[in-house]
Each structure stands twice: as C-alpha cells, then as structure tokens.
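The structure appears right after this line, and notes come after that.
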Amino acid sequence: MDDLDHTRCKDSRQVREHQLFDAIAARYCCKDLLPASRRARWLRLEQTLRDMPLSSTTQLLEVGCGAGFAARYLQGRYGSYVGIDQSEQLIDLARTYNASEVARFHATDIARYEPETRFGGIFMIGVLHHLTDPVRILELITEWLTPDGWLVVNEPQPANPLFSYARRVRKHIHKDYSTEQEEISAAQLTAMFTEAGLCDVCVTPQGLFSTPFAEVIIRPLPLARLLSVSACALDRALEKTARPVLHRLSWNLIAAGRSAPA
C-alpha cells in the first residue's frame with residue numbers, strides 16, 4: 001500500500017467512526033442515564049483517574065468525551081473541564097445534559113483542535129484504540145499539558161483470550177459496536193507513552209466484573225442494577241488487592257504518564 005492509499009484508508013476509517021457515533025449517539029448516552037451502566041461507568045472513570053492529582057484549580061480536558069458525563073461525575077474536583085468529540089450528535093447531548101459555567105464542549109477532530117490553554121490533566125477512555133496513528137496523537141496531546149501535567153488513558157487489552165474472543169463476537173453481532181477498534185497491550189501502551197515524551201509511565205489493570213455493565217445495557221433493568229452494584233464492589237476490592245493477577249485477566253488497562261517539569 002502506497003502513502004496515498006494509506007492516507008485514504010485512514011480517512012475512510014475516520015469517516016466510518018464519525019458516522020457510527022453520530023448514528024448511535026442517543027443509545028450511547030443512555031448508558032450514563034440508566035443506573036446499572038451509570039454505576040459501572042462512574043467506577044471506571046474513578047479508577048482511571050485514581051493516580052491523577054485533581055484539585056479545585058485543575059484544568060481538565062477529556063478527548064473523546066461522548067455525551068460528557070465525566071464533567072458531572074467529577075463535579076467539584078476540577079477548576080474547568082473541556083470535552084471534545086468528533087460526533088456532533090454526542091456533543092449536542094453533552095451540552096444538553098452536562099454543560100455548566102465550568103464545563104464546555106466542542107465538536108471537533110483531535111487533530112484539528114486548537115486549545116486556548118494548557119491542561120493539568122488530559123484523559124481518554126476507550127479512544128486510543130480507534131485511532132489510526134495513536135503515537136502521533138499522543139505526541140500532539142502531550143504538547144497541550146502544563147509542565148508536570150498528567151495524561152491518562154483507559155484501553156481494552158488482549159491478555160485475557162476469553163475477553164478478546166467476546167470482543168470479536170460482539171463486532172459481528174452488535175451493530176452499535178465499532179469494527180475498527182483494536183486491543184492494546186501493556187508493552188504497547190508503555191512504548192507509545194514513552195515515544196510521546198511522557199515520563200513516570202505506569203500501566204495498571206482495570207475492570208473484571210463491572211466492565212460489561214459499563215458497555216452494554218443489560219436487562220431486566222432492576223436485576224442489572226443489583227448485579228452492577230456487586231460487580232463494582234468486587235472490582236473496587238480486586239483493583240486494590242490483586243493488581244498483579246488482574247494484569248492477565250482484566251478487560252482494560254490504564255496508562256498514566258507525566259509531562260516533563262518546567
């Protein structure tokens with residue numbers, strides 16, 4: 001494949017992703033409106049940002065913010081929040097549900113976004129594996145950090161063959177699930193973050209029982225809510241006490257890295 005064909009392939013993939021998330025925006029938003037999935041998604045956010053220092057003055061950026069519920073879940077723990085997403089439909093929902101005096105949303109592609117300020121913390125949940133050139137994007141995003149600012153991502157990993165198989169099956173049977181995405185190993189995440197110029201890179205496992213509730217609306221809803229409560233409690237305990245074991249079992253990995261000091 002020559003350079004022109006490769007560029008066209010990347011552009012086509014981006015268009016397909018954009019069209020998919022515009023099409024499923026309302027259903028995607030429901031994950032944060034229903035109690036069972038909301039609890040699991042809130043836990044995933046908390047666990048993702050557990051090593052990022054947050055305060056009432058922190059300027060946060062979420063890349064691929066979806067319907068922007070992180071702004072609500074983290075309310076009171078940041079000074080300002082900016083969420084960007086390439087889906088206009090998702091950003092419309094984010095503005096409807098989660099915009100405030102300190103939380104703003106923009107419909108834009110990552111590569112075209114021009115921030116007005118630098119951020120003390122930037123995070124992405126389930127975004128990196130959709131990108132055709134993740135290292136280039138990480139290098140770009142790193143430039144938006146303040147000195148000693150933190151970049152954190154949460155990504156699906158391939159260590160558990162059962163979960164990898166479940167993802168492959170879901171690509172074929174679930175029309176709302178992107179067929180473009182890939183899994184990223186701990187070694188790959190570490191190498192990407194290091195190549196992007198980040199230091200103190202750390203990769204930890206996340207999600208064993210709670211992840212399906214974060215990704216799929218499970219019915220009947222009352223039963224799903226009870227099961228989600230138990231799944232989240234189990235994961236919270238396991239991620240405190242059994243991290244080494246979870247590296248080979250978990251659905252996801254969290255990668256965190258710090259920008260160079262001034």
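Looking only at residues in the stretch 33-87 that are touching a Gly at 6+ places or on another chain (Cβ under 7 Å) and in a strand (DSSP E or B), the one that is farthest from Ala231 (Cα to Cα) is Gln59. Is the stretch 150-161 home to any residue that is in a strand (DSSP E or B) and of a type in the set (D, E, K, R)? Checked the stretch 150-161: at least one residue is in a strand (DSSP E or B) and of a type in the set (D, E, K, R). Just one of (1) at negative phi; (2) modelled with pLDDT of 90 or more fails for Gly76. It is (1).
For the stretch 133-149, give me each residue that is polar (S, T, N, Q) and either in a strand (DSSP E or B) or surrounded by fewer than 16 Cβ atoms within 10 Å (Cβ to Cβ) (or both).
The answer is Thr146, and nothing else.
If the condition is being within 18 Å of Ala256 (Cα to Cα) and either surrounded by fewer than 19 Cβ atoms within 10 Å (Cβ to Cβ) or of a type in the set (Phe, Trp, Tyr) (or both), then the stretch 108-125 contributes Arg118, Phe119, Phe123. Selection of the stretch 142-161 for residues being over 14 Å from the mean Cα position of the chain (by Cα) and among the aliphatic types (A, V, I, L, M) yields Leu145, Ala159. Residues that are without any contact (Cβ under 8 Å) to a residue 24 or more places away in the chain and either among the hydrophobic types (A, V, I, L, M, F, W, C) or within 22 Å of Gln47 (Cα to Cα) (or both) within the stretch 133-166 comprise Leu162, Ser164, Ala166, listed in sequence order.
Checking the stated criteria, Arg243 turns out not to satisfy the condition of being of a type in the set (D, E, K, R), at pLDDT 95 or above, surrounded by 13 or more Cβ atoms within 10 Å (Cβ to Cβ) and at negative phi. Residues in the stretch 203-232 that are surrounded by fewer than 14 Cβ atoms within 10 Å (Cβ to Cβ) and over 25 Å from Ala26 (Cβ atoms) were compared, and the one that is farthest from the chain's Cα centre (by Cα) is Leu226.
Of all positions in the stretch 182-192, at least one carries a residue that is modelled with pLDDT under 95 and not basic (Lys, Arg).
The values are calculated or read from the model by the stated rules, or taken from the named source; none is laboratory data. No experiment lies behind these values; they were computed from the predicted model shown. Cβ: placed from backbone, ideal geometry, glycine included. Neighbour counts: every protein chain shown.
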